[in-house]
Every structure is written in structure tokens, then in C-alpha cells.
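S.K.: To start, I am sharing the structure in question, which I have written as C-alpha cells.
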Amino acid sequence: MTSMSAADWDSRYRGSELVWGAGPNVWVEREMAPLSPARAVDLACGEGRNSVWLAARGWQVTGVDFAASALDKARTLAAGQLPPVVIDWQCADVTTYRAAGAFDVAMLVYAQLPAEPRRAALRSAWDALAPKGILLVIAHHSDNLALGVGGPQDPTVLFSETDVVADLRAIDGSTTVELAERVTRPVAGGERPALDVLVRARKH
């Protein structure tokens, strides 16, 4: 199994139901809630649940995904808020995306990619940050294959917090890594929890 293409994701998102639900990811909520609203870019935003949650809290948000059908659902989700929220949705591949401006936060949430495109996506996110900007990376951990539950079962698109930190050090040796952990996410009705990568780094 290889990482899914834009056409694959377009097909998956084409149904009427939200694939991932309307609420924010638990780690996005935990890490972003204490911060004052500023400018954020949500790379591989999917149906926009994290972008919409941030925008409703006063953030100026750009949501980027290469699946047009996902962005259609994201627009619907944003328009359904009370009051509706305005987000700059951009259809682009996160491995080649180049931001038009400098963001205070860049997020990569469950962008499960093989090593080389993962590094390209991390560079896109890093380059989008203003000085002192925060990069937040959340992903399905490679330990899920043996110890956890959920996420893709393809080991080539799974990785650890150590992998992310090594990638960031290669991109920018002065990176300040504030948090790099394997975190446990309870799954309703599951015999085992999901294991996630959680990395927060700051740009000098």
C-alpha cells in the first residue's frame, strides 16, 4: 500500500458525512486553546474541523488540502457555524505548498506520508512560519502497528516523534523543540488506545 493520491482522497471525501467529525482533534485543542488568536495555516486540513475551530476562536486561518471535495465540505462546515467563519481555503499539495505570508502557527495533523514527502511537508510548514512561530505536528505513531489501534496499517507512512525531530533538525539546526512525545488517545469501545506523535517546535 502506498500513500493516497489527491484522487483517492477526493473519492473518500465525496460522501455526505464528515469522515473525521466536526470537532477539533484533542491535541490541537490542548495545544492551541491557551494561545492568543493570531495567524495559522492548517496543512492537510481535510474537511476543515481544526481550521473551523480555530477561526471560531478568532484566529485568521488558511486551510490547505489537495482534495477539492474535502475543501467543499470544509466550506460547508465553516458556513454552518453561528456566526459563520471565514477561512482562506487553498487547494494545494502540502509537499510543494509555499505560503504567501508568515504565520504564527503552522499545523500538520495526521499528514501520513513516506519519509521523503514527509520532510517536504515539514519544510513547507517550517518555511511558512514567522520568527518565533510554532510548528505543531500530530500524527499516527508507528507504534500503533504493535501496541495501538487505528490509523493506516502501512509502515511506510507511519513515524515517531524522534523521526519528526530529526527531520526538523535537518531543516533548521537552531530549531527549539518544546515538546516531542508519544501520546495516548483513548478510543471509544477500543481494547487498546491510539498512539499519536505530538511535536511542538519553535522557529528562531
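Read the figures in this text as sums done on the coordinates, not as results from a lab. In this text, all values refer to a predicted model and were calculated from it rather than measured experimentally. Cβ coordinates were reconstructed from backbone atoms using ideal geometry, including for glycine residues, and neighbour counts include every protein chain displayed.
S.K.: Of the peptides 101-112, 152-163, how do they stack up when ordered by the mean number of other Cβ atoms within 10 Å, highest first? If you can, show how the numbers build up before the last one.
M.R.: Values: 101-112: 21.0, 152-163: 16.8.
The packing order, highest mean first, is 101-112, 152-163.
S.K.: A further question on this structure: Hey, for a label at Arg30 modelled as a point 7 Å past Cα toward Cβ, could you say which residues of the range 121-142 have their backbone N under 16 Å away?
M.R.: Only 136-141 fall inside the zone, counting backbone N under 16 Å.
S.K.: Could you list Val94, Val52 so that the one with the fewest beta carbons within 10 Å of its beta carbon is first and the one with the most is last?
M.R.: Val94, Val52
S.K.: Then there's this: Per-residue counts of other Cβ atoms within 10 Å, averaged by peptide: what ranking do you get for 78-89, 30-41, highest first? Before the final figure, lay out each step's value.
M.R.: Working: 78-89: 14.3, 30-41: 16.2.
Ranked by mean Cβ neighbours within 10 Å, highest first: 30-41, 78-89.
S.K.: If a/c stays under 1.5 just call it rounded; otherwise compare a/b with b/c (prolate if a/b is bigger, oblate if not). Do that for the range 61-204, with a ≥ b ≥ c from the square roots of the Cα gyration tensor eigenvalues.
M.R.: Because a/c hits 1.5 or more and a/b fails to exceed b/c, the range 61-204 counts as oblate.
S.K.: What does the charge dipole of the chain about its Cα centre add up to, to the nearest 20 debye, if the Cβ of each Lys and Arg holds +1 and the Cβ of each Asp and Glu holds -1?
M.R.: With Lys and Arg at +1 and Asp and Glu at -1, about 400 debye.
S.K.: At 0.36 nm per residue, minus the direct Cα-Cα distance, what do Ala115 and Gln153 gain on full extension? Give it in nm, one decimal, please.
M.R.: Extending this stretch completely gives an extra 12.1 nm.
S.K.: Still on this structure: Which one, Ile134, Val199, Ile171, projects farthest toward the positive side of the charge dipole computed for the range 6-202 from Cβ point charges (K/R +1, D/E -1)?
M.R.: Checked the options; the winner is Ile134.
S.K.: Rounded to the nearest 5, what % of DSSP beta bridges with both residues in the range 6-202 are antiparallel?
M.R.: Beta bridges within the range 6-202, antiparallel portion: roughly 45 percent.
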